[in-house]
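Visitor: One structure coming up, written as structure tokens, with questions to follow.
The values are calculated or read from the model by the stated rules, or taken from the named source; none is laboratory data. Treat the numbers as computed from the prediction; the structure is a model and nothing was measured. Positions of Cβ are generated from backbone atoms using ideal geometry, with glycine treated the same way; all protein chains shown enter the neighbour counts. When the accessible area is computed, the model is the full protein with side chains, heavy atoms only, and any ligands, DNA or RNA have been set aside. Shrake-Rupley method; radii C 1.70, N 1.55, O 1.52, S 1.80 Å.
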Amino acid sequence: MELLEKLTILSDAAKYDAACTSSGVRRGYREGYVGNTSSSVAGCCHTFSADGRCVTLLKVLLTNRCVYDCKYCINRRSNDTKRAAFTPEELAELTIGFYRRNYIEGLFLSSGVLRSPDYTTELMIRALRILRETYRFNGYIHAKAIPGTSPELVERLGFLADRLSVNIELPSETGLKLLAPDKTKGAILAPMKQIQTRAVQGKEELAKYRHAPKFAPAGQSTQMIVGATQDSDLHILRLTQGLYDHYRLKRVFYSAYVPVVENTLLPSIDTKPPLLREHRLYQADWLLRFYGFRAEELLDEQTPDFNPLVDPKCSWALAHLDFFPVEINTADYETLLRVPGIGVVSAKRILVSRRAGHLQVEDLRKLGVVMKRAQYFLTCRGRMAEGLHFTPDSLLRNLVAAEQPALPGSEMEQLTLFGA
Ligand code: SF4
């Protein structure tokens, strides 16, 4: 098979993996090497695939052959699809060739399970070693650690890649048993724990020895499929919180399930991917990571899913009207972050600006506050925005109206779908 044909098959097969960003690590120019991982690298090619995902890296599978049979996956062994596999040499040569032509800034390498997780990981390691050692490639590499791979191989992979990820895929054990019977919760969490422990150890070694090799310096991430199972947003968010708390993940990615197969255990092939739900989970994830929210504050057993009409922070504010209004001139940073329309940057600007004198409502827009949301929840020296009249019911309507123009077309369509 021609290399180009392999590339077409294996890059297309990789598009369902959302856990792909190049952020989180800096490694400057090195004498005798090519590439670096700073965002200003000249060879960086930022582009978006048709479904809106960022594909700044060469995103490809080593092979789409797989001995596993995950029901939701196009590469499962029982699916009749065209198969291909790169040799490690081909993959390394392709990556460095693309890099030199300025097509890409790095590599995102995943794979189906060829023979066994160990066999596949050994091939991945070989490809990465050629890239790093023969071609002296110093750019960004994100590699998948396949559940079930032995710890020695995960360790070797971590010394070659900048970021590792172990995909959870399905948010519950029941979902795994039903749809991915070859995988277990234990086999997924074990490498995650290993990566976390090894990364901590690596940092300690670096503190002692300046030239100690770096283990996955950009940390680890994972991906969860949303909408393939009945798991609620609350369940997904609790799991996310646990992963951030206990495994120190850098990112959890959510991937709206794209039906690629007709199976009674899965949503019908005509079902649209739940993009709006994915969007709400990303917004909530942001609240967990940067705004000090906890999963159980945003959702509970009575309301286990996000309101599709307003973002999670507005939903929280509407359910906690007794917390408001917040006085801009005296509230602390954490309280400011709870106000819809105030973000991390604008909260910091407010803290700095008010040192010079009391802030008025008119000043807030200049500080980056999104007043169409924030105005209902704050006061400046005890005053709300001029001429503002609302009731709890009209407040919801106003917030929905404030949000709608920000939603992309496909999400607007889905909004109608959810409303129905
Ligand atoms: S192990 Fe990965 S590639 Fe193989 S069927 Fe499952 S999800 Fe697909």
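Visitor: With each pseudo-label sitting 7 Å past Cα toward Cβ, what's the residue 272-residue 150 distance in nm, one decimal?
Guide: For residue 272 paired with residue 150, the spin-label model returns 4.9 nm.
Visitor: If amide H atoms are built 1.01 Å from N in the plane of the peptide, which residues on other chains or at least 5 residues away come under 5 Å of the amide H of residue 107?
Guide: 58, 140, 141, 142
Visitor: If segment 312-406 were replaced by its equivalent ellipsoid, with semi-axes equal to the square roots of 5 times the Cα gyration tensor eigenvalues, what would those be, largest first, whole Å?
Guide: Listed largest to smallest, the semi-axes of segment 312-406 are 21, 14, 13 Å.
Visitor: Connecting C-alpha atoms closer than 10 Å in a GNM of the chain, tell me which of 348, 203, 366 has the biggest fluctuation.
Guide: 366
Visitor: Order 132, 115, 294, most accessible first, counting only protein heavy atoms with a 1.4 angstrom probe.
Guide: I get 115, 294, 132, largest accessible area first.
Visitor: Which distance in nm do the two modelled labels at residue 118 and residue 102 give, with both placed 7 Å along the Cα-to-Cβ direction?
Guide: Label-label distance for residue 118 and residue 102, simple model: 4.6 nm.
Visitor: Quick one: with all protein chains in place, what share of the accessible area of segment 3-298 is carbon or sulfur, to the nearest percent (1.4 Å probe)?
Guide: Ligands and nucleic acids excluded, carbon and sulfur give 53 percent.
Visitor: Calculate the length of the line joining the C-alpha centroid of segment 278-306 to that of segment 58-95, in whole Å.
Guide: Result: 34 Å between the Cα centres.
Visitor: A follow-up question, please. Quick check: the angle from helix 233-247's long axis to the longest principal axis of the chain, C-alpha only, nearest 10 degrees?
Guide: 60
Visitor: In µm²/s, what is D for segment 153-272 at 20 °C and 1.002 mPa s, where D = kT/(6 pi eta Rh) by Stokes-Einstein and Rh is the Kirkwood radius from Cα pairs?
Guide: Here the translational diffusion coefficient equals 136 µm²/s.
Visitor: Probe radius 1.4 Å, ligands and nucleic acids ignored: give me the carbon and sulfur share of the accessible area of segment 312-406 as a rounded percent.
Guide: In segment 312-406, the share of accessible area belonging to carbon and sulfur is 54 percent.
Visitor: On C-alpha positions alone, give me the angle between the axis of helix 88-100 and the longest principal axis of the chain, in degrees, nearest 10.
Guide: Computed tilt is about 50 degrees.
Visitor: If you don't mind, there's one more thing I want to ask. Could you check how many percent of all C-alpha pairs in segment 3-298 are farther apart than 34 Å?
Guide: In whole percent, the long-distance tail amounts to 17.
Visitor: Given only helices, namely DSSP H runs of n ≥ 4 each adding -39500 (n - 2.57), what is the per-residue ellipticity at 222 nm of the chain, to the nearest 500 deg cm²/dmol?
Guide: -12000 deg cm²/dmol
Visitor: If ligands, DNA and RNA are left out, what is the accessible area of residue 332 with a 1.4 Å probe, given in Å² to the nearest 10?
Guide: About 80 Å², rounded to the nearest 10.
Visitor: Also: What is the extension gain from residue 320 to residue 136, computed as 0.36 nm multiplied by their sequence separation minus the C-alpha to C-alpha distance, in nm to one decimal?
Guide: This chain segment gains 60.7 nm when fully extended.
Visitor: Now for a different question. Using a 1.4 Å probe, what is the accessible area per residue for the chain, in Å²?
Guide: Solvent-accessible surface per residue comes out at 47 Å².
Visitor: Moving to a separate point now. From the gyration tensor of the Cα coordinates in segment 238-309, what semi-axes in whole Å does the equivalent ellipsoid have, largest first, with each one equal to sqrt(5λ)?
Guide: Each semi-axis is the square root of five times an eigenvalue, giving 26, 15, 11 Å.
Visitor: On to the next question. State, as an integer percentage, the relative contact order of segment 312-406 based on alpha-carbon contacts under 8 Å between residues 6 or more apart.
Guide: 31
Visitor: Mean separation of Cα pairs under 8 Å and 6+ residues apart, divided by the residue count of segment 197-255: what relative contact order is that in percent?
Guide: That works out to 39 percent.
Visitor: What angle do you read, to the nearest 10 degrees and between 0 and 90, between the alpha-carbon axis of helix 409-419 and the longest principal axis of the chain?
Guide: Relative to the chain, helix 409-419 is tipped by roughly 70 degrees.
Visitor: Any idea what the relative contact order of the chain is, in percent, if you count C-alpha pairs under 8 Å spaced at least 6 apart?
Guide: 11
Visitor: Select from 384, 192, 224 the residue whose mean-square fluctuation is largest in a Gaussian network model of the chain (Cα-Cα springs shorter than 10 Å).
Guide: In this elastic network of the chain, the residue with the biggest mean-square fluctuation among 384, 192, 224 is 384.
Visitor: Scanning the chain for GluC sites (Glu not before Pro) in DSSP loops with at most 14 other Cβ atoms within 10 Å, what's the longest stretch left with none?
Guide: Here the longest run is 32-261.
Visitor: As a test question: what accessible area, to the nearest 10 Å², does residue 214 have when a 1.4 Å probe is rolled over all protein chains in place?
Guide: 100
Visitor: State the extension gain, in nm to one decimal, for the chain segment bounded by residue 201 and residue 189, taking 0.36 nm per residue of separation less the distance between their alpha-carbons.
Guide: 2.5 nm
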